[in-house]
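**Q** This structure is in structure tokens; I'll ask about it shortly.
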Amino acid sequence: MAQETSQVEAIPQELPSDQVCDLVELIVCGLVDDIDAVSLDVTDSMDGTLIEVSCAQEDAGKIIGRRGRTIKAIRTLARALGSRLGTSVEVDVLG
């Protein structure tokens, strides 16, 4: 009889910041015209997570919105998810 050896692969655990980053990316990509120009830079620290959104200059206004309402809503959603996952989150837009 042949013995079967099961290999347990180490699956890297997803950080809470990865889930928040995915949410922010999904929202931002739905707002902009040039999706290829969107990039997110995630910085994890002891204080929390900083997500910097870079985009085309003409799309920055769409992400920020009138009187900053759109970015405020994105930040609220990101912070709410971060709170559920146990981390604080800040979102900045770099045009």
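The values are calculated or read from the model by the stated rules, or taken from the named source; none is laboratory data. In this text, all values refer to a predicted model and were calculated from it rather than measured experimentally. Note: ideal-geometry Cβ built from the backbone for every residue, glycine included; neighbour counts use all protein chains shown. In case anyone asks, the SASA skips ligands and DNA or RNA and just uses the protein heavy atoms, side chains included. Shrake-Rupley method; radii C 1.70, N 1.55, O 1.52, S 1.80 Å.
**Q** Among DSSP beta bridges lying fully in the chain, give the percent that are antiparallel, nearest 5.
**A** Roughly 50 percent of the beta bridges in the chain run antiparallel, per DSSP.
**Q** Now a separate question. Using mean Cβ contacts within 10 Å as the protection proxy, how do 40-46, 22-28 order, highest first?
**A** Averaged packing, sorted descending, gives the order 22-28, 40-46.
**Q** Tally up the carbon and sulfur contribution to the accessible surface of the chain as a whole percent, 1.4 Å probe, everything protein left in place.
**A** Carbon and sulfur: 50 percent of the exposed surface of the chain.
**Q** So how compact is segment 34-93: Cα radius of gyration and Dmax in angstrom?
**A** Just the Cα atoms of segment 34-93 yield Rg and Dmax of 12.1, 34 Å.
**Q** Sorted by packing (mean other beta-carbon atoms within 10 Å per residue), highest first, where do 14-20, 84-90, 48-54 land?
**A** Packing proxy ranking, top to bottom: 48-54, 14-20, 84-90.
**Q** Rolling a 1.4 Å sphere over the protein heavy atoms, what is the accessible area per residue of segment 34-93, to the nearest Å²?
**A** Ligands and nucleic acids excluded, the figure is 64 Å² per residue.
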